[in-house]
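No lab work stands behind these numbers, since they all come straight from the coordinates. Treat the numbers as computed from the prediction; the structure is a model and nothing was measured. Here Cβ is always computed from backbone atoms with ideal geometry, including for glycine, and neighbour counts include all displayed protein chains.
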């Protein structure tokens with residue numbers, strides 16, 4: 001495959017200093033779709049992704065996509081998604097698949113300073129649940145695909161848009177269901193998904209990440225049972241105290257440092273960006289064995305700590321049944337993000353050793369799904385590097401490992417290469433995905449739209 005550098009200037013990059021005054025029609029389209037999606041509640045508990053998928057299908061139909069190429073479908077009535085196809089006039093390569101999830105994590109209005117289900121543009125940011133994870137990417141893919149359709153883009157491969165449910169949790173994961181039940185609709189060469197993206201600190205762009213691997217997600221339930229009794233007659237054997245003591249031991253434990261091919265490249269390239277003590281520590285942690293003091297300093301930053309090791313953290317507690325009774329049961333959920341190459345059973349055995357209490361039962365509450373890393377595709381990396389250099393001179397493109405989990409793992413396990421890359425930069429010290437007042441910079445949203453338009457065109461343009 002040959003890289004075509006002229007593709008880098010195939011579209012006009014509007015100076016972002018002008019965005020406060022005006023938007024191009026294409027930017028306005030992306031914003032309109034973004035607002036429509038954010039304003040639809042797509043949480044697992046009370047939301048409906050089918051409504052969001054139907055809104056997108058309506059826009060694609062209006063843009064001239066044939067009904068035969070638009071497939072609203074999903075595992076349940078409220079967990080609907082969408083598969084749509086922009087057809088190449090003369091395809092010579094397998095399709096490129098653009099993946100985003102429509103579901104979002106829960107958000108309580110009383111916890112937020114703004115309405116989580118109403119897109120708000122304020123102080124240079126877009127606020128709302130899903131603004132960062134993952135409705136920005138969904139809106140951008142839809143808007144850009146509509147433009148390619150209207151432009152009559154001459155592509156050498158079909159482009160498949162896939163919007164799904166239950167990426168954030170739930171029993172009906174849309175990608176897993178599609179791969180198992182409609183493989184013909186999602187058969188592709190390469191998948192572009194979330195999981196990567198740009199890193200910045202204090203407004204300075206540091207790197208544009210390309211996620212090629214991710215940790216394995218799983219949960220363990222810790223449980224202590226006791227006969228209980230009247231609270232006026234306390235005993236030493238209290239279920240809550242026993243569980244708390246075990247959690248205290250877990251809080252002091254760290255899994256060992258591990259470096260793999262992806263994280264090695266990440267730290268090597270990031271060392272020059274960071275400079276100073278942090279840069280030196282990134283080099284030192286690559287030694288064999290890793291320098292322990294360097295690892296300790298890096299681990300003080302959550303994002304670096306998560307790249308260095310498996311992590312297990314308590315996320316929920318439940319105990320007792322009455323205010324005037326000794327607890328008969330105490331439970332805690334432990335969420336683990338496991339480094340590639342390790343099984344959940346290995347982690348469970350480590351938890352047994354660390355908790356050091358045979359009365360604390362440990363049960364994996366959902367099947368963990370590990371996936372291999374995607375090999376770094378030369379054409380993809382060259383395109384990302386050249387577009388990144390054109391849009392943000394001096395900012396490198398860097399392979400990364402996602403510390404969270406994404407739907408890319410289902411495609412990787414199906415033998416389809418998947419990469420997380422968005423061109424949307426986020427402050428690494430203020431990542432609000434899954435949190436209160438989730439937000440994405442306005443400037444960064446439109447930059448991501450431009451970057452992804454260039455990337456998709458570069459990977460699909462016919463000679």
Report task. Arrange the peptides 351-364, 263-276, 32-45 so that the one whose residues have, on average, the most other Cβ atoms within 10 Å appears first. Result -> 32-45, 263-276, 351-364
Query raised in the report: In whole Å, what are the Cα extents of the chain along the three principal axes, biggest one first?
Result: 78, 51, 43
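Explain nothing, just the number: relative contact order of the chain, from Cα pairs under 8 Å at least 6 residues apart, as a whole percent.
Details: 931 pairs, mean separation 111.3, N = 463.
About 24 percent, as a whole number.
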**Report entry** Convex hull projection area averaged over all views, the range 93-198, Cα basis, nm²
**Finding:** 8.8
Query raised in the report: Helix 25-38 versus the longest principal axis of the chain: what angle, 0 to 90°, nearest 10, using Cα atoms?
Result: 30
Requested in this report: Return one number: the angle in degrees, 0 to 90 and rounded to the nearest 10, between the long axis of the Cα atoms of helix 49-62 and the longest principal axis of the Cα atoms of the chain.
Outcome: 0
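Rounded to the nearest whole Å³, what is the per residue volume of the convex hull around the Cα atoms of the range 154-307?
On the way: hull volume 37.0 nm³, N = 154.
Per residue, the Cα convex hull of the range 154-307 comes to 240 Å³.
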Query raised in the report: When you take every Cα atom in the range 314-385, what is the radius of gyration, and what is Dmax, the widest Cα pair distance, in Å?
Result: 19.6, 66
Query raised in the report: On full extension of the chain, what length is gained from residue 361 through residue 376, given 0.36 nm per residue of separation minus the C-alpha to C-alpha distance?
Result: 1.3 nm
Query raised in the report: In whole Å, what is the distance between the alpha-carbon centres of the range 227-301 and the range 335-376?
Result: 15
Query - Equivalent ellipsoid semi-axes - Cα gyration tensor, the range 219-364, angstrom - result: 40, 14, 11
Requested in this report: Mind giving me the FRET efficiency for residue 93 and residue 315? R0 is 35 Å, r the Cβ-Cβ distance, nearest 0.05 is fine.
Outcome: 0.25
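Ordered by packing density, taken as the mean number of other Cβ atoms within 10 Å over each peptide's residues, highest first, how do 297-307, 407-417, 93-103 rank?
Values: 297-307: 17.4, 407-417: 20.9, 93-103: 24.4.
Going from most to least packed, we get 93-103, 407-417, 297-307.
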**Report entry** Computed label-point distance, nm, for sites residue 183 and residue 325 using a 7 Å Cα→Cβ extension
**Finding:** 5.2
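Calculate the FRET efficiency for residue 78 and residue 288 from the Cβ-Cβ distance with a Förster distance of 41 Å, rounded to the nearest 0.05.
Details: r = 51 Å, r/R0 = 1.24.
Approximately 0.20, to the nearest 0.05.
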Report summary line: Mean projected area (nm²) from the convex hull of Cα positions in the range 325-463 is 13.3
Query raised in the report: Taking only Cα atoms, what is the 0 to 90° angle, nearest 10, from helix 344-355's long axis to the longest principal axis of the chain?
Result: 40
**Report entry** Euclidean distance between Cα centres, the range 87-105 to the range 401-463, Å
**Finding:** 14
